[in-house]
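The values are calculated or read from the model by the stated rules, or taken from the named source; none is laboratory data. Predicted model, so just to flag it, every value in this text is computed and none were measured. So basically every Cβ, Gly included, is an ideal-geometry build from the backbone, and we count neighbours across all protein chains shown.
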Amino acid sequence: MKNSSAALRIALISLPIFIGALDVTVVSAVLPQVIYDLEIPLQSGLDDAAWLVSGYLLSYSIAMTFMGRLSDWAGRRRTYLAALIIFALGSYLVAVADQWLSRLAWQVVYLLTQTRVDPAQLSLNVMIAARMIQAFGGGAMVPVGMALAGDLYPPEKVARPLGLIAAVDTAGWVVGHLYGGVLTRFFDWRVIFWLNLPVCALAFGLIWIALKPVDRHGGGRGDLHTPPEKLNPGVSKGAARGFRMDWLGAFMISACLAFFNLGLGSSPDLTASLSDIQRQPWLERALPFLALALLSLALFIWRQSRHPFPLVPLTLFRQQNFSPALAANLMIGFSLFTAIAGVPVFVNTLAAKTLQQGAWDSGWLLSALTVPMAAASLPGGWLAAKLGYRFPSLLGLLLAVVGFSQMLTWQIATPYALMVPHLALAGIGFGLTMAPAAAAVLNASPPGERGAASALVIVFRLVGMTAGVSTLASYGVYRADALSLQWLSGSAQAVDLIHMGMQIALQVLHETFGIAALICGLAFFPIMLLQNIELKKG
Amino acid sequence: MMGDRCACFHRFGFVSFLLAIVILTGCQNRQPPPPEPQDIVARSAARMESLASFRFLIERQGEPAFLDQEQTLSFRRTEGYFVAPDRAWAVVRVIAPGLVAEVQVIGIGEDYWETQLLTNAWQRLPRGQGFNPALLFDPRTGFTPILQQDLSGLQLSGMETLDAFPGKTFYALSGKLDGKRVYDLSYGLMGPAEMDVRLWIEPEIFNLARVILFEPSLAGEGRTWQMDFWDYNQDLSVDPPAASPPLP
């Protein structure tokens, strides 16, 4: 296949990937407006509403773990287009979630249970489900796109299109909050999701035509650059003859990620009583889910070591630098998303006068974090090539820690102009670290497995991001409960509740930014384990 | 001869068929006419007063109904249950600029407790303060006797079904409600001008299922109040909160 036509196909499949990634963070800026419009009560619904973000991240990550492998069997074009349809359907369902869909759901729930559920809570649950459907399609497009790059390019040239797809995915969630903020300044937030539909329809038509030759040349359906026996050396050629999709493995990794998220996100309501908190502390709530997540992970690893067509080639983890770089990616994702989710909370709770202004302010203020991050990834990659992975990564982590430390000084009256340099410092730090950490994973992988390795970089970062937002929601709610009970006990009538509520929110945000700084600091350890091996060509 | 007999037989059959239709139609017409609208409402009010308990939902649509003089906190909905003669528990949802919040309330006679917005801790309020749902459904001075006494121009518009009550048909009535007493009862949220009212009452047992009040407005879209009642005579109880600080 000619390079130009291959590049055109990669460009075409990158557009929906960008839109799917855009929707990862698009809600973070408009979440307060969504919560208000759905009439989700502050006390009982805030941690549930966080699932609009973490549910998307979770479903996106789950799809990334096995949909690439599914496309080996079902065909790239078919799987990619199916993912695109799922994404478009999910977008439509999100847009109508609080309208006819919720009314229908109410009737169904009533007929099944004879109970009259709260329409607001039901709308939220319907929207979370719709977001997860949307995310599944959005997430599935990434590994299928990467596998497609593997079909279109020879192994020695595949790194560049893989890098492009990964960059497009990152660019999507980097600008998502700004896109959401800008749109909600002029339109209803539902427009964000309606706009996905014409883009998806156009992309569907173009990709349908563009990928026809790929299907004819056997894209997917066993046309892999890496034969199964190489993916898993423990399995004989005979056993690997006919492709079998590892559905059980897919179920296990999905269960692992879901339990992990449920564990981190388990929190009492915002107004839980002291006895509630004392009766069942956070760790006690989280522990059963985290134990189940660990068990599912162990079963998944066991399954992958035996299956002839593993979803994740475990041999990759034996490569030098691979595991420490992925661990660093996980921690970076956690810290980064703590800022991405925390800044809109700060703006909406403490600074903005209206929700619309809050969405707009959050959007552009977060750009002070994400734009320097994207810009710094270029010198980060260059420095890694010149000086090795460790120096730029450690420098980046140091800057990120300093940035977060400065964010701990934010007060209710702190002007945005003072926040911008703090966010920019953290952003530059993340940018300097992310490029070398991703490059370390790719360069540790054999050429035929770079698609899987690229997908793993994104999955680990996403898992970190999911953990970040879940922790922010559950820890934040838990601490807000405890602080409210501590600071507001006694003569409640005499206290200015709104002012005290703002102080509590500020304290909780300081603590979560502190946790993010701590996790950044912990990322020093895996980065120190990276060996400065010579960078491979391509 | 045979032809005459056959024609006679056919004529007899046709007459019998007509007769059967007339009899069946007559039987249908003998169904008792629906009661007078005033009678339906009176029976429904009596039925509501005799209930040991019921669940309720009061929901506002349209223009905000403010709970405070500064017009920052507006009532959105309340859902809870009433236990005769004078106890009620409810969750009240209020809307402030950029914020939706819920408070729980308990009313036992004129005694009243509510939860604090941030800590969820129960606090007892002085009599006459707060949104006491027990007074709203008091059998002597509450909403049901007002409905019976202050309604005018009642008309029965027929039988209707409601989405929230699948499988049931109701008498659908409409009329006007004098808003003065409702205004006092609802802490100034509804009324005091005359309101359009629609009622849905279950035939035979006369359970009141839904009331919709519409307050027209010169300034805006107006305000609609929907009240639903269900789960009659269930085993429900309302007790004072376990721990609440003494009255300030």
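Of note:
- Counted residues, segment A:444-469 - those being in contact with an Asp or Glu (Cβ under 9 Å, 6 or more places away or on another chain) and buried (at least 24 other Cβ atoms within 10 Å of the Cβ): 1
- Contact map, segment A:310-322: residues that are closer than 17 Å to A:L299 by Cβ paired with residues that are among the hydrophobic types (A, V, I, L, M, F, W, C), Cβ distance under 6 Å, separation 6+ or inter-chain. Pairs shown: A:L311/A:F66.
- Scan of segment A:13-51 for residues that are of a type in the set (D, E, K, R), assigned to a helix (DSSP H, G or I) and either in contact with an Asp or Glu (Cβ under 9 Å, 6 or more places away or on another chain) or within 14 Å of chain B (Cβ to nearest Cβ) (or both), ordered by number: A:D37, A:D47, A:D48
- Test: residue in segment A:440-454 that is on the phi < 0 side of the Ramachandran plot, touching a residue at least 12 places away in the same chain (Cβ under 8 Å), polar (S, T, N, Q) and part of a helix (DSSP H, G or I): yes
- Of the residues making up segment B:80-101, those that are under 20 Å from A:D37 (Cβ atoms) and of a type outside the set (V, I, T) are B:R93, B:A96, B:P97, B:G98, B:L99, B:A101.
- With respect to the conditions (1) within 14 Å of chain B (Cβ to nearest Cβ); (2) touching a residue at least 40 places away in the same chain (Cβ under 8 Å), A:T115 falls short on a single one, namely (2).
- Among the candidates A:V117, A:V126, A:V94, the residue that is within 25 Å of B:G167 (Cβ to Cβ), assigned by TED's automatic domain parsing to the domain that holds A:I62 and at pLDDT 95 or above is uniquely A:V126.
- Of the numbered criteria (1) within 14 Å of another protein chain (Cβ to nearest Cβ); (2) of a type in the set (A, V, I, L, M); (3) assigned to a loop (DSSP other than H, G, I, E, B), the one B:I205 fails is (1).
- Any chance B:F206 is over 18 Å from B:A134 (Cβ atoms), out of contact with any strand residue (DSSP E or B) (no Cβ under 7 Å at 6 or more places or on another chain) and touching a residue at least 40 places away in the same chain (Cβ under 8 Å): yes
- Note on segment B:97-146: among residues that are within 11 Å of chain A (Cβ to nearest Cβ) and aliphatic (A, V, I, L, M), the one that is surrounded by the most Cβ atoms within 10 Å (Cβ to Cβ) is B:L118.
- Segment A:313-329, residues that are crowded, with 21+ Cβ neighbours inside 10 Å and within 19 Å of the chain's Cα centre (by Cα): A:A325, A:L326, A:A328, A:N329
- If you check A:L89, A:L84 for being more than 14 Å from every other protein chain (Cβ to nearest Cβ), surrounded by fewer than 23 Cβ atoms within 10 Å (Cβ to Cβ), assigned to a helix (DSSP H, G or I) and modelled with pLDDT of 90 or more, only one passes: A:L89.
- Which listed residue is buried (at least 24 other Cβ atoms within 10 Å of the Cβ), part of a helix (DSSP H, G or I) and of a type outside the set (S, T, N, Q), from A:L366, A:L383: A:L366
- Whichever residue in segment B:53-96 is acidic (D, E) and assigned to a strand (DSSP E or B) and, among such residues, is farthest from the other protein chains (Cβ to nearest Cβ): B:E59
- Residue within segment B:158-176 that is surrounded by 15 or more Cβ atoms within 10 Å (Cβ to Cβ) and within 14 Å of chain A (Cβ to nearest Cβ) present: yes
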